[in-house]
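Undergrad: I am attaching a structure below and will ask some questions about it afterwards.
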Amino acid sequence: MRIFSAAAALSAGLLTASAAEQAGAGHSRLWNVYDSVLGTAKYVDLTHTIEPAMPIWRGFGNITFSPAVNRLTGKPFTYADNLFVANAYQLTTDQMGTQLDAPVHFNPYFAAADEIPATFALRKLVVID
């Protein structure tokens, strides 16, 4: 019921804000409605952690994790010998985990990730289930 009420309030607020925007009142009112209606919403981190067992499309090879090896000694780094440990990752693709597929992923003439402003990836999102 709360989700429905929030959705109804958001819809009504967006319609009001949209009408105000069209009348020239400015774009910030739309975000004010969003913030006032969903300001107390529960947020869930949907990040996929990179780990050996994570699902990857079968066309790519498996990823592997192992201790990083000191190239001078040929031995893994240890707390006892090096005062730290480190990991080595063998990644067969960058198409895994939580990621941004830059437009260049689909067309060589489109923008690469370093050509996209950070604000492109930072968006408010509402999922109504």
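Undergrad: So L125 clears everything in (1) over 22 Å from V44 (Cβ atoms); (2) open to solvent by 90 Å² or more (accessible area, probe 1.4 Å) except one condition, right? Which one?
TA: (1)
Undergrad: Within 30 Å of D35 (Cα to Cα) and either assigned to a strand (DSSP E or B) or touching a helix residue (DSSP H, G or I) at 6+ places or on another chain (Cβ under 9 Å) (or both): is that true of D129 in this structure?
TA: yes
Undergrad: A follow-up question, please. Can you give me the number of residues within region 27-61 that are aromatic (F, W, Y) and open to solvent by 80 Å² or more (accessible area, probe 1.4 Å)?
TA: Here the count works out to 3.
For (1) farther than 22 Å from P117 by Cα; (2) surrounded by 10 or more Cβ atoms within 10 Å (Cβ to Cβ), each residue gets a yes or a no:
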site	(1), (2)
I63	yes, yes
L72	yes, no
Y79	yes, no
L83	yes, no
A86	yes, yes
L91	yes, yes
Q95	no, yes
F106	no, no
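Residues checked against (1) basic (K, R); (2) touching a residue at least 12 places away in the same chain (Cβ under 8 Å); (3) within 23 Å of V44 (Cβ to Cβ):
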| residue | (1), (2), (3) |
| --- | --- |
| V85 | no, yes, no |
| A88 | no, yes, no |
| T92 | no, yes, no |
| Q99 | no, no, yes |
| H105 | no, no, no |
| P108 | no, no, no |
| A113 | no, yes, no |
| I116 | no, yes, no |
| A121 | no, yes, yes |
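The values are calculated or read from the model by the stated rules, or taken from the named source; none is laboratory data. Owing to the predicted nature of the structure, the values given are computational and were not obtained by experimental measurement. Every residue, glycine as well, gets a Cβ built from its backbone with ideal geometry; the counts of neighbours run over all protein chains shown. Surface areas here come from the heavy atoms of the whole protein model, side chains and all, with no ligands, DNA or RNA. Shrake-Rupley method; radii C 1.70, N 1.55, O 1.52, S 1.80 Å.
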